Amino acid sequence: MKKKIKWTALFLALVLFAVGIVAILKNSHYLYIFGEYLGVNCDEVELKKSSLENMKKIELKALKADDRVKFDQSLMLINSDHPLKDDHELSLSEYKDTGVQLNKCLNSAYGELSEAVFEKTGSKLFISSSYRTQEEQQELYDEDPSTANIPGTSEHQSGLGIDVYVQYYAGFGFIKTDAGQFINSNCWKYGFIIRYPSYGKEKTGMKYEPWHIRYVGKPHAKVIYNNHLTLEEYIESLKNGVWYKVDDTLISRQKTDENGRLSLPDSFKSAVISPDNTGSYIITINNAQTPNDKKSSGFNNFTDFFEYHNI
Ligand SMILES: [Zn+2]
């Protein structure tokens, strides 16, 4: 008799186990989240140090007047250690006559991302929150300090962070959808990162927010996502004054010298410069993707590269 009870109990345990497995597989977003946590979709990207020759020190004022240089805010680190300054200058523009205010630097990139989501998943992407004023952030914080950032430390106040959703699936539910999973694994291709990834709580101080995307620009997003980093870790990893190379892009984080100058190659085609909100600037020199540029992957040194392209 006792033996029979034992076998029945074992059988029931097995049935429960099987039901559990089926339930997990049915809610496959748990498996998806676990995969992202482990970085299964990441493909490590090397950020190589590069020694450049023929550098020139240029004053910020002169760089701002240079047609080849675009200043934006794409690499500002905004968190409780680095709040927005009181004199922070807003750089906003309206997204496609929707009344939604986004940081200027990401307006067209968001359009590309939104189109890709529709194309790949058939879902229309909506924005639930983009730019917020100090007062709006204060209200949210007063309502629930456990979910809203302290005023001054939210990316929403710069228009750089956006909360997105698809119909019926907002907040954490977003990751249950194909669109949510597409964005979490692919938004780097459009210059965005998941600002508070599942693996980043110790660095960002924030729980996983699969719906909060942040624009940083394509080369940076590629390195951050594929190397399984947070924005905090990425910016820390860029040593001041060093030049790095990823694909055909040169990246350097620098403080201005005593005369307010940054150091750039003597000749370049175009550059984007963003303050990083930690006291430095991040310079990104993108080279146009012409057939000749593609050959550049064979160059070991950028002096050769610049000479070859006569830039
Ligand atoms: Zn948000």
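Here, each number is a calculation from the coordinates, and none is a lab measurement. Every value quoted in this text rests on a predicted model; they were computed, and no experiment measured them. Quick reminder, even Gly has a Cβ in these numbers, built from the backbone with ideal geometry, and neighbours come from all protein chains shown.
Things worth noting here:
- Amide H contacts under 5 Å for LEU92: LYS104, restricted to partners 5 or more places along the chain or on a different chain, H placed in the peptide plane at 1.01 Å from N.
- Choice from PHE174, PHE11, PHE268 with maximal GNM fluctuation in the chain (Cα, 10 Å cutoff): PHE11
- Value of relative contact order over segment 132-195, rounded to a whole percent, pairs C-alpha under 8 Å and six or more apart: 19 percent
- Listed residue (PRO197, VAL164, ALA148) projecting farthest to the positive dipole end of segment 82-215, Cβ model: PRO197
- Gaussian network model of the chain, springs between alpha carbon atoms under 10 Å - residue of GLY99, GLY35, GLY159 with greatest fluctuation: GLY99
- Only Lys, Arg (+1) and Asp, Glu (-1) charged, at Cβ; segment 69-152 dipole about Cα centre in debye: 460 debye
- Highest mean packing comes first when the peptides 224-234, 46-56, 197-207 are listed by Cβ atoms within 10 Å, giving 224-234, 197-207, 46-56.
- Of the GluC sites (Glu not before Pro) found in segment 77-146, those that fall in a DSSP loop while having at most 12 other beta-carbon atoms within 10 Å are GLU89.
- Calculated P(r) tail over 16 Å for segment 174-237, as whole % of Cα pairs: 38 percent
- Within segment 19-175, the percentage of alpha carbon pairs spaced more than 26 angstrom apart rounds to 49%.
- Cross-link pairs beyond the 32 Å C-alpha cut-off, checked among LYS96/LYS255; LYS189/LYS255; LYS120/LYS239: LYS96/LYS255; LYS120/LYS239
- Dipole moment magnitude, nearest 20 debye, the chain about Cα centre, only Lys, Arg, Asp, Glu C-beta charged: 1520 debye
- Rg to Rh, two decimals, where segment 152-268 supplies the alpha carbon set and Rh follows Kirkwood: 1.04
- In units of the compact-protein estimate 2.2 N^0.38 Å, segment 82-215 shows a Cα radius of gyration of 1.02.
- Simple point charges give the picture: +1 on the Cβ of Lys and Arg, -1 on the Cβ of Asp and Glu, and for segment 73-224 a dipole about the Cα centre of about 820 debye.
- Range of Cα positions in the chain per principal axis (Å), largest first: 89, 50, 36
- Taking every C-alpha pair closer than 8 Å and separated by at least 6 residues, the mean separation divided by the residue count of segment 82-215 gives a relative contact order of 22 percent.
- Taken one residue at a time, the phi angles of segment 58-69 give Karplus couplings (6.51, -1.76, 1.60, θ = phi - 60°) of 10, 5, 3, 4, 5, 5, 5, 8, 7, 4, 7, 10 Hz. Gly and Pro are set to x.
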